[in-house]
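Below: the structure, in structure tokens.
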Amino acid sequence: MSRGYCHLCHDMELALKPLAEEFGASITVLDVDADPVLEARYDELVPVLLHGEIELCHYFLDEAKTREYLAGIR
């Protein structure tokens, strides 16, 4: 979950790209402001990194947790 004007969102996406490449994962960025339901749920938490309904981290990329999670779903 992201916002176009959010520097933390851009930072998380940049930090996530190398991990995604390493594990062969794709990144889909959803703008919380484009959907009232998403905005209500994630408004103050963005950026939020999710896999399905599983929240891996918000505000900043937790690289260790994300790496462990990706390794576990390989």
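A few remarks follow.
- Residue that is nearest to CYS57 (Cα to Cα), among those in the stretch 1-22 that are part of a loop (DSSP other than H, G, I, E, B) and open to solvent by 30 Å² or more (accessible area, probe 1.4 Å): MET1
- Scanning the stretch 30-48 for residues that are without any contact (Cβ under 8 Å) to a residue 40 or more places away in the chain and within 17 Å of HIS7 (Cβ to Cβ) yields a total of 5.
- Search result, residues across the stretch 1-14 that are touching a residue at least 12 places away in the same chain (Cβ under 8 Å) and over 10 Å from the mean Cα position of the chain (by Cα): ARG3, GLY4, CYS6, LEU8, ASP11
- Failed condition for ALA25, given (1) open to solvent by 40 Å² or more (accessible area, probe 1.4 Å); (2) of a type outside the set (S, T, N, Q); (3) assigned to a helix (DSSP H, G or I); (4) farther than 20 Å from ARG3 by Cβ: (3)
- Residues of the stretch 60-74 that are touching a helix residue (DSSP H, G or I) at 6+ places or on another chain (Cβ under 8 Å) and either surrounded by 14 or more Cβ atoms within 10 Å (Cβ to Cβ) or over 14 Å from HIS10 (Cα atoms) (or both): LEU61, GLU63, THR66, ARG67, LEU70, ALA71, ARG74.
- Residues of the stretch 28-57 that are surrounded by 14 or more Cβ atoms within 10 Å (Cβ to Cβ), out of contact with any Leu (no Cβ under 6 Å at 6 or more places or on another chain) and not in a loop (DSSP other than H, G, I, E, B): ASP31, ASP33, LEU38, GLU39, TYR42, VAL48, LEU50.
The values are calculated or read from the model by the stated rules, or taken from the named source; none is laboratory data. In this text the structure is predicted, and so the values were computed from the model without any measurement. When we count neighbours, we look across all protein chains shown, and the Cβ atoms used for this are built from the backbone with ideal geometry, even at glycine. Side chains are part of the model used for accessible areas, which takes the heavy atoms of the whole protein and leaves out ligands, DNA and RNA. Shrake-Rupley method; radii C 1.70, N 1.55, O 1.52, S 1.80 Å.
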